[in-house]
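Q: Right, I'll just put the structure down here and ask away after.
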Amino acid sequence: MISNYNFAYLDEQTKRMIRRAILKGVSVPGYQVPFASREMPMPYGWGTGGVQVSAACLTPDDTFKVIDQGADDTTNAVSIRKFFEKTAGVAVTERTSDATVIQTRHRIPETDLTEDQILVYQVPIPEPLRFLEPRETETRKMHALEEYGLMHVKLYEDIAKHGEIATAYAYPVKVEGRYVMDPSPIPKFDNPKLESAALQLFGAGREQRIYAVPPYTKVVSLDFEDYPFDPSRADHPCELCGAEDSYLDEVIVDDAGGRIFVCSDTDYCAARREKGEAA
Amino acid sequence: MTAAVKETPVTPLLEVRNLSKFYGARIGCENVNFNLYPGEVLGIVGESGSGKSTLLNCLAGHLPSDSGEVIFDTRADGPQDTLTMSEPERRMLGRTDWAFVHQNPRDGLRMRISAGGNVGERLMAVGARHYGDIRQEAGDWLARVEIDMSRIDDRPSGFSGGMQQRLQIARNLVTGPRLVFMDEPTGGLDVSVQARLLDLLRGLVRRLGLSAIIVTHDLAVVRLLADRLMVMKGGQVVETGLTDQVLDDPQHAYTQLLVSSVLQV
């Protein structure tokens, strides 16, 4: 650890400010708390919100894991993991079960999380109503007055156009029967996992919003009575580990149209293969 | 002696008392008083800048008023002052018992959402969560405003001006409002489309027994639609009365000017 940095890069006052926003977010599940987002040494869209939330949550004893689209070895994941190795000196891991703080982009780990873990999401656009109602003043009012009819208009449009709810990621959810929330661009396959034992924090750096889903909070995916929510999944087992319950990526393997489906969660896949070899 | 007619007092649907709105020192509208009874259509005419749109926006709660009362006979709690009502209640009224038809359909429609979605939005806003039912209802309403069912999934941006206006009307009437505010509903449409729209509006208003307040500068529109007329000038109401009475025998100098200014073909 380089001593020129304060622990976890941010100064203590900033972390205090972020923690206050997190506390407020936890008390009002799904509510977007504004916070004074700082410039981070990475571009917007690379997880500046998530990094600030992680920085405010980390302690020297924590074990940190970063995933990007389920993988531990992609650019975004590697750079953020290195960032905290350097500025906080915390232990890092790729094992979901060993981590205490997990920062994620676009996935929830397949392995069930526990009460001792914190899952931090990187959120590009926190406002679920953004593309339906462009005025921020109006969307805030709609949240305040619980006017969420418009959210169903989006789902209606999906069915009218595609014959089913075609929204496959960033699928809107209602948290604890009150606030409609954008769960960040996770696939809708992950939506049921939003009801978790772990604390889930969402940070949007550019948009300067933090929101949270406390452990065991009720999270319901919006749907119609005659078109119920369906967490869809590619109809294949994983090519590498054979898992039939995980979210799959489609990978093109040659230029002759060859393709395989593999687990998007690399840690889950690797752990399964290890076990398979041992057995 | 004729048999005494038993009179049951009718509660006005909308009761406006001393409504005023100022833009700084300038008058928007001043001391407006009127009653609107169920099933009645009130026309508000006047030149540009006479305060008629200001008045309409104050009534509908789109603009804050400076003083006065706007008492609406709500379904649940009887007469209530909508100006002192809490905002959630007023917005609830705005999507159930009230409807607002804008002059420019682009203000009242969501242009990036299909016709069916536009009509269905108000249903979903009051809690409809069954896709099949919503679509059925939207289809019914499109038929009522003479839009072909095959256009239900098209965006209004591809519609003609007249169709957009009819779609806006369908979208507003789908929740069965009791009071419709219309701001120049036929403005910007050519005369044949205007005639068709007026015909449709007259039919809907009569069949559904709606009350309506129509703001327009087009005397032909109020002649066709309105039972009663209010003439405004400089933010003041200068003349009121039955439509035919006001138009055939105007009393105020401004009304006389207005009536005599209509071009004859």
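The values are calculated or read from the model by the stated rules, or taken from the named source; none is laboratory data. Quantities reported herein were computed from a predicted structural model and do not represent experimental measurements. Here the Cβ is made from the backbone with ideal geometry for all residues, glycine too, and neighbour counts use every protein chain on show. Ligands, DNA and RNA are stripped out before the accessible areas are found, and what is left, the full protein with its side chains, is counted by its heavy atoms. Shrake-Rupley method; radii C 1.70, N 1.55, O 1.52, S 1.80 Å.
Q: Can you check what the net charge comes to around A:Ala56, using other residues whose Cβ is under 9 Å from the Cβ of A:Ala56 (Lys, Arg +1; Asp, Glu -1)?
A: Around A:Ala56, the charge tally is +3.
Q: Now for a different question. Exactly which GluC sites (Glu not before Pro) in the range A:1-105 are in a DSSP loop and have at most 10 other Cβ atoms within 10 Å?
A: Working: sites: A:Glu12, A:Glu39, A:Glu85, A:Glu94; in loops: A:Glu39, A:Glu94.
Here the GluC sites (Glu not before Pro) that fit, given the DSSP loop and packing criteria, are A:Glu39.
Q: Could you pull the Rg and Dmax for the range B:63-198, using just the Cα atoms, both in Å?
A: Rg, Dmax (Cα atoms, Å): 15.9, 48.
Q: To the nearest 0.05, what FRET efficiency results for B:Glu47 and A:His162 with a Förster distance of 51 Å applied to their C-beta separation? Don't jump to the answer; show the numbers that get you there.
A: On the way: r = 50 Å, r/R0 = 0.98.
Here the calculated transfer efficiency is 0.55.
Q: Give me the percent of the accessible area of the protein assembly as shown that comes from carbon and sulfur atoms, probe 1.4 Å, all protein chains in place.
A: Numbers: 12400 of 25080 Å².
Answer for the protein assembly as shown: carbon and sulfur cover 49 percent of the accessible area.
Q: In addition: Given chain A, what percent of its DSSP beta bridges are antiparallel, to the nearest 5?
A: If I count the DSSP bridges inside chain A, around 55 percent turn out antiparallel.
Q: Same structure, new question: For peptide B:121-128, compute the average count of partner chain beta-carbon atoms within 10 Å of each residue's beta-carbon.
A: So the per-residue partner count for this stretch is 5.
Q: Same structure, new question: May I have the extent of the alpha carbons of the range A:1-137 along their three principal axes, as whole Å values ordered from largest to smallest?
A: So the extents along the principal axes, rounded to whole Å, are 44, 35, 29.
Q: Taking the full set of protein chains and a 1.4 angstrom probe, give the accessible area of B:Leu173 in square angstrom, rounded to the nearest 10.
A: About 10 Å², rounded to the nearest 10.
Q: Which of the lysines could a cross-linker span from B:Lys52 if the Cα-Cα distance has to be under 25 Å and same-chain partners fewer than 8 positions apart are dropped?
A: B:Lys21, B:Lys233
Q: When the Cα centres of the range B:115-131 and the range A:39-74 are compared, how far apart do they sit, in Å?
A: Each part's Cα centre sits 40 Å from the other's.
Q: Let me ask something else about it. Per residue, how large is the accessible surface of chain A? Use a 1.4 angstrom probe and give square angstrom.
A: On a per-residue basis, chain A sits at 46 Å².
Q: Take every DSSP beta bridge with both residues inside chain B and express the antiparallel ones as a percent of the total, to the nearest 5.
A: 55
Q: Where does chain A land at 222 nm, in deg cm²/dmol rounded to the nearest 500, when only DSSP H runs of n ≥ 4 count, each adding -39500 (n - 2.57), divided by all residues?
A: -8500 deg cm²/dmol, from helical runs alone.
Q: Rg and Dmax of the protein assembly as shown over Cα atoms: what are they, in angstrom?
A: 30.0, 109
Q: Taking the simple approach of a point 7 Å from Cα along Cα-to-Cβ for both A:Arg178 and A:Val78, what is their distance in nm?
A: Each label point lies 7 Å from its Cα, and together they span 4.3 nm.
Q: Also: I'd like the interface area for chains B and A: accessible area of each alone minus the complex, both sides summed, 1.4 Å probe, protein heavy atoms only. What is it in Å² to the nearest 100?
A: 1900
Q: In square angstrom, what is the accessible area per residue of chain B with a 1.4 angstrom probe?
A: Details: 12330 Å² over 265 residues.
Accessible surface, normalised per residue, equals 47 Å².
Q: Which of these, B:Ala220, B:Ala253, B:Ala125, has the largest mean-square fluctuation under a Gaussian network model of chain B (Cα springs below 10 Å)?
A: For chain B, modelled as a Gaussian network with Cα springs under 10 Å, the answer is B:Ala253.
Q: Considering only B:Gly51, B:Gly116, B:Gly241, give the residue with the highest GNM mean-square fluctuation for chain B, with springs between Cα atoms whenever their separation is below 10 Å.
A: B:Gly241
Q: Amide H to amide H under 5 Å from A:Tyr121: which residues, 5+ apart in sequence or cross-chain, H placed 1.01 Å off N in plane?
A: A:Thr104, A:Leu201, A:Phe202, A:Gly203
Q: Under a 5 Å amide H to amide H cut-off, with H placed in plane at 1.01 Å, what residues pair with B:Leu13 once short-range neighbours are removed?
A: Under 5 Å from the amide H of B:Leu13 lie the amide H atoms of B:Leu36, B:Tyr37, each far enough along the sequence or on another chain.
Q: Within 10 Å of each Cβ of B:109-117, how many other protein chain Cβ atoms are there on average?
A: Details: counts 0, 5, 0, 3, 7, 5, 1, 5, 11.
Neighbouring Cβ atoms belonging to other protein chains average 4 per residue here.
Q: Once amide H atoms are built 1.01 Å from N in the peptide plane, which residues 5 or more positions from A:Ser264, or in another chain, come under 5 Å H to H?
A: Answer set, sorted by chain and number: A:Tyr247, A:Leu248, A:Asp249.
Q: Just for the protein assembly as shown, what percent of DSSP beta bridges are antiparallel, to the closest 5?
A: Given both bridge residues lie in the protein assembly as shown, the antiparallel proportion sits at roughly 55 percent.
Q: Convex hull volume of the Cα atoms in the range A:233-279, per residue, in Å³?
A: 72
Q: A follow-up question, please. Just to be sure I understand: with springs between alpha-carbon atoms less than 10 Å apart, which residue in A:Gly258, A:Gly30, A:Gly149 has the highest mean-square fluctuation in the Gaussian network model of chain A?
A: Judging by the Gaussian network model, the answer is A:Gly258.
Q: Work through the residues other than A:Phe84 whose Cβ is under 13 Å from its Cβ and net out their charges, Lys, Arg +1 and Asp, Glu -1.
A: Residues close to A:Phe84 contribute a combined charge of +2.
Q: Of A:Lys15/A:Lys141; A:Lys141/A:Lys174; A:Lys86/A:Lys275; A:Lys15/A:Lys82, which sit over 22 Å apart, Cα to Cα?
A: Pairs exceeding 22 Å: A:Lys15/A:Lys141; A:Lys86/A:Lys275.
Q: Quick one: order A:Asp265, A:Asp11 from most to least accessible surface, probe 1.4 Å.
A: Listed by decreasing accessible area, they come as A:Asp11, A:Asp265.
Q: Once Rh for chain B is found with the Kirkwood sum over Cα pairs, what is the Stokes-Einstein diffusion coefficient at 37 °C and 0.692 mPa s, in µm²/s?
A: Value of D from the Cα-based Kirkwood radius: 169 µm²/s.
Q: If you don't mind, another one. Per-residue ellipticity at 222 nm for chain B, helices alone: DSSP H runs ≥ 4 residues times -39500 (n - 2.57), over residue total, nearest 500 deg cm²/dmol?
A: -11000 deg cm²/dmol
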